Amino acid sequence: MLSKRTVFLSLISVLIFGTAGMALIYYLPPYLKDLGFSPSIVQFITTIYPFALIFLPQRFGRLSDKIQKRYIFIIVGSIGTSLIYLSLIFSKNLILIMILLMIYSVFNASYRLNFTLYQELTKNNPNFVVYYNAISVFGWFLGSQLGGIFIDIFGISHIFIFFLIISIINCAIILFIRENRKDILEYYNDLEIENLNNNIVDEVDEQPQISKALYIALFSRHFGVRPIITIIAILMALHLSSNTQIGFLIGFNPLLQFFLMLITGKFISKKNEKYVLMLGFFLSCGAILGYMFATDFISFFLAQIMVSASFALFWNVTQIYISQKTNLKNKGKYLGYANSSFFSGGFFGGLFFSVLLLFNSDYYAFMWIMLIFPLISTLIVFFKFKSE
């Protein structure tokens with residue numbers, strides 16, 4: 001790697017950022033429900049707030065590619081999220097909450113350039129890509145567990161204080177990160193010269209051959225799964241009376257993902273990445289089906305295993321695949337496309353599910369429709385995805 005210090009700090013940062021970010025996804029719905037909003041409104045708010053993640057990741061990525069600076073986006077995103085959490089502590093009005101959450105997604109998109117910088121510093125090494133993904137989801141585990149403990153002690157109404165504390169810690173870590181852009185440019189320029197001297201043709205150009213089927217599949221999968229994930233805590237509360245069990249089940253998901261990320265990263269290759277993608281998307285169908293029929297701790301536990309394995313498989317493949325096909329001039333843009341596809345699927349899927357809830361507020365009435373979409377992702381990869 002080009003800077004051990006920055007790589008190490010980037011991993012710590014994504015761990016802390018993920019701690020607050022995933023806790024927000026899990027505990028925002030019960031927080032809004034505690035404020036007295038109806039199920040359809042809760043679903044709509046949790047759907048609308050990542051709106052900026054649809055169109056900003058690739059724009060921020062393209063701009064950072066052009067100016068060859070990532071750190072400015074990372075620091076702005078970190079400080080911005082802290083300010084939003086601070087504002088939400090005092091916000092009880094529906095419209096104001098929606099506006100603040102949408103601004104939060106802007107800063108979230110900005111912070112995601114941390115992964116782009118990390119890939120550059122680790123020379124696009126697939127093992128380090130896997131480590132980043134694994135550390136990120138371990139942060140999700142910490143967020144679900146620590147968030148549940150915080151709620152048991154202080155109550156759901158104070159959850160944004162927890163988010164603020166975590167985000168301030170992240171800002172402190174970010175201040176010590178150095179981009180080392182000069183070293184990055186020198187390394188990749190020297191690598192390009194070496195390839196030319198050895199008559200090695202660099203296939204990673206301005207427009208790498210990235211299969212568009214991947215973006216479509218990411219969109220369709222998250223279209224079906226994201227609306228269900230946002231209400232998991234509510235669904236579990238309908239059948240489980242113990243907050244400890246609910247907290248464990250929510251936290252078990254990213255904890256298992258952490259280990260699966262590390263394990264699956266060892267065997268993913270160009271020869272099998274298509275089939276690993278298919279398996280990841282197909283397991284999402286099983287997870288939704290599991291949530292539909294879950295009525296006790298064990299059944300929810302099995303559903304969590306499936307959704308964990310699903311994400312670990314398809315997300316690892318996605319990031320490794322893109323990292324190997326991009327360079328300094330386009331990495332931010334194409335990683336941004338993947339994030340945009342993923343989050344836009346969740347956004348429109350959430351809107352779709354919110355509309356369905358207007359006709360029937362029973363969450364289970366329409367969940368069977370949502371499992372169709374990860375199945376579509378599986379079929380898209382089978383017929384259209386090209387590894388080379």
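Quick rundown of the values:
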quantity	calculated
Virtual spin-label span in nm between residue 295 and residue 355, 7 Å along Cα→Cβ	3.3 nm
Ascending count of other beta-carbon atoms within 10 Å, so fewest first, for 128, 293, 267	267, 293, 128
Rounded Å value of the spacing that divides the Cα centres of segment 354-388 and segment 144-194	32 Å
Simple label model, 7 Å out from Cα along Cβ direction - residue 69 to residue 92, nm	4.2 nm
Kyte-Doolittle mean at least 0.5, axial Cα span of 30 Å or more - DSSP H helices of the chain	4-34, 126-154, 243-264, 273-293, 297-324, 331-359
Residue 372 paired with residue 158, simple spin-label distance in nm, labels 7 Å along Cα-to-beta-carbon	4.6 nm
Euclidean distance of C-alpha centroids, segment 58-106 and segment 1-50, integer Å	12 Å
Of the chymotrypsin sites (Phe, Trp or Tyr not before Pro) in segment 230-262, those whose Cβ has at most 16 other Cβ within 10 Å and which sit in DSSP loop	none
Mean Cβ neighbour count within 10 Å, used as a protection proxy, ranking 49-62, 27-40, 337-350 highest first	337-350, 49-62, 27-40
Ellipticity estimate at 222 nm from DSSP helix runs (n ≥ 4, -39,500 (n - 2.57)) divided over the chain, nearest 500	-27000 deg cm²/dmol
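Every number here is computed from the coordinates shown, using simple stated rules; none is lab data. Here the structure is a predicted model, which is why all the values come from computation and not from measurement. Here the Cβ is made from the backbone with ideal geometry for all residues, glycine too, and neighbour counts use every protein chain on show.
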